[in-house]
Amino acid sequence: MSTDPSEPLALSYGMGVDSTAVLVGWWQRGIRPHWIGHAQVGNEWPETYAYRPIIDRWLADVGFPTITDVRYIVKRPKHGNYSTLEENCRVNRTLPSLAFGYKKCSLKWKGGPLDAACADYFEEYIAAGRTIQRAIGYDAGPCDSRRGGVETEGPWRWIYPLREWGWDRARCVEEIAEAGLPVPPKSACVFCPSTKPAELIQLAKRHPDLARRAIEMEDLARPGLIKIEGLWGKGVKGTRGGEKKPGSWRAFLAEHAPEVLPPLPSELHAVTEVLPPLPSELLPPPELEKKVS
């Protein structure tokens, strides 16, 4: 559905290629958004954080509004307070929900805070019965064509400008470069279960400390994992065209980048340690020991 100039316009900005292309496309068409919101999860790749001042300058140059940062705030923590998704997983000794086959972490850390901030910003419009247009950067390529269907309900309607314009990922990259902007890196958490094997190797080489922290998170959660192995869930056998990979990032990096692996936590390797001798009062009597032998 086309952008309606009579309705307020908002963008959920992920700071990746697609959502940046939405901004560029609007600028080309003389469309100015009223609000740009970005959810701060706290664990993006450093390259994504480095892109922030670049896009901030561009937005100011073209007369677009500044980005509004939003963040999930925990209200009733069960096992300890946290302010990032990584801290959430460590405190609760678990993994991002995508590892278990769900997408709750995106809704909790991005969707919910963006909904609340958007509703707050447009409170007067909503009270007057107006509908907010909220744009998401799903492109027109075959991969993104499968995305969607999880958008929240509220006093808004969702629009998909890139699909309307017919821009696939390659076209998005081209248009961003034409606008004089560097192409942003992939926007994702450093421990995202959707990370591809080549990207995990890249993380280990570029940011070994962050790869190590991701493995530590996986190690902390492992004692409670029953149906999955780690951040890649059950893994992929590679028999049906998928890229073969184990369920555990530790197992994968043990082969491809063992130098970044942290020591196993004590509770995982304690069973391999030599136990101290039992006190004499707990040893079986000599006669029983002879019988057993």
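The values are calculated or read from the model by the stated rules, or taken from the named source; none is laboratory data. Owing to the predicted nature of the structure, the values given are computational and were not obtained by experimental measurement. Every residue, glycine among them, receives a Cβ derived from its backbone with ideal geometry; neighbour counts consider all protein chains shown.
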> Is it fair to say Lys104 is surrounded by fewer than 16 Cβ atoms within 10 Å (Cβ to Cβ), among the basic types (Lys, Arg) and over 27 Å from Ser194 (Cα atoms)?
Replying inline: no
> Does any residue of the stretch 236-244 turn out to be modelled with pLDDT of 95 or more and more than 17 Å from Glu86 (Cα to Cα)?
Replying inline: no
> Based on what the data block shows, is Gly112 outside any strand (DSSP E or B), under 24 Å from the mean Cα position of the chain (by Cα), on the phi < 0 side of the Ramachandran plot and at pLDDT below 95?
Replying inline: yes
> Does the stretch 32-48 contain at least one residue that is hydroxyl-bearing (Ser, Thr, Tyr) and touching a helix residue (DSSP H, G or I) at 6+ places or on another chain (Cβ under 9 Å)?
Replying inline: no
>> What's the number of the only condition in (1) touching a Ser or Thr at 6+ places or on another chain (Cβ under 8 Å); (2) without any contact (Cβ under 8 Å) to a residue 40 or more places away in the chain; (3) surrounded by fewer than 16 Cβ atoms within 10 Å (Cβ to Cβ); (4) within 30 Å of Leu231 (Cα to Cα) that Asp115 fails to meet?
In response: (3)
> Of all residues in the stretch 203-225, how many are closer than 15 Å to Ala188 by Cβ and over 18 Å from the mean Cα position of the chain (by Cα)?
Replying inline: 1
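Being within 16 Å of Phe252 (Cα to Cα) and touching a helix residue (DSSP H, G or I) at 6+ places or on another chain (Cβ under 7 Å) is the filter here; which residues of the stretch 214-240 pass it? So that I can check it myself, show each step before the final result.
Of the stretch 214-240, the ones within 16 Å of Phe252 (Cα to Cα) are 214-219, 222, 228-238.
Of everything in the stretch 214-240, those that are within 16 Å of Phe252 (Cα to Cα) and touching a helix residue (DSSP H, G or I) at 6+ places or on another chain (Cβ under 7 Å) turn out to be Ala214, Ile215, Met217, Glu218, Asp219, Arg222, Ile228, Gly230, Leu231, Trp232, Gly233.
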> Which of the residues belonging to the stretch 220-251 are in contact with a Gly (Cβ under 9 Å, 6 or more places away or on another chain) and farther than 20 Å from Arg90 by Cα?
Replying inline: Lys234, Gly235, Val236, Lys244, Lys245, Pro246
>> So Arg71 ticks every box in (1) of a type in the set (Lys, Arg); (2) surrounded by 16 or more Cβ atoms within 10 Å (Cβ to Cβ); (3) within 17 Å of Ala39 (Cβ to Cβ) but one. Which box is left unticked?
In response: (2)
> Would you pick out the residues in the stretch 21-41 that are of a type in the set (A, V, I, L, M, F, W, C), in a loop (DSSP other than H, G, I, E, B) and closer than 24 Å to Pro113 by Cα?
Replying inline: Val41
>> Quick check on Asp18: is it at pLDDT below 95 and either outside the structural domain of Asp115 (by TED's automatic domain parsing) or in a helix (DSSP H, G or I) (or both)?
In response: no
> Counting just the residues of the stretch 14-33 that are farther than 16 Å from Asp56 by Cβ, surrounded by 21 or more Cβ atoms within 10 Å (Cβ to Cβ) and not β-branched (Val, Ile, Thr), which one comes out nearest to the chain's Cα centre (by Cα)?
Replying inline: Asp18
>> Of the residues Tyr125, Tyr121, only one is closer than 24 Å to Val74 by Cα and in contact with a Ser or Thr (Cβ under 9 Å, 6 or more places away or on another chain); which?
In response: Tyr121
> Could you list, in sequence order, the residues of the stretch 238-264 that are closer than 22 Å to Asp209 by Cβ and touching a residue at least 40 places away in the same chain (Cβ under 8 Å)?
Replying inline: Trp249, Phe252, Leu253, His256, Ala257, Glu259, Val260, Leu261, Pro262, Leu264
>> Restricting to the stretch 68-100, name every residue that is under 18 Å from Ala214 (Cα atoms) and in a loop (DSSP other than H, G, I, E, B).
In response: Tyr82, Ser83, Thr84, Arg93, Thr94, Leu95, Pro96
> Restricting attention to the stretch 203-240, which residues are surrounded by 13 or more Cβ atoms within 10 Å (Cβ to Cβ) and of a type in the set (D, E, K, R)?
Replying inline: Lys205, Arg212, Arg213, Glu216, Glu218, Asp219, Arg222, Glu229, Lys234
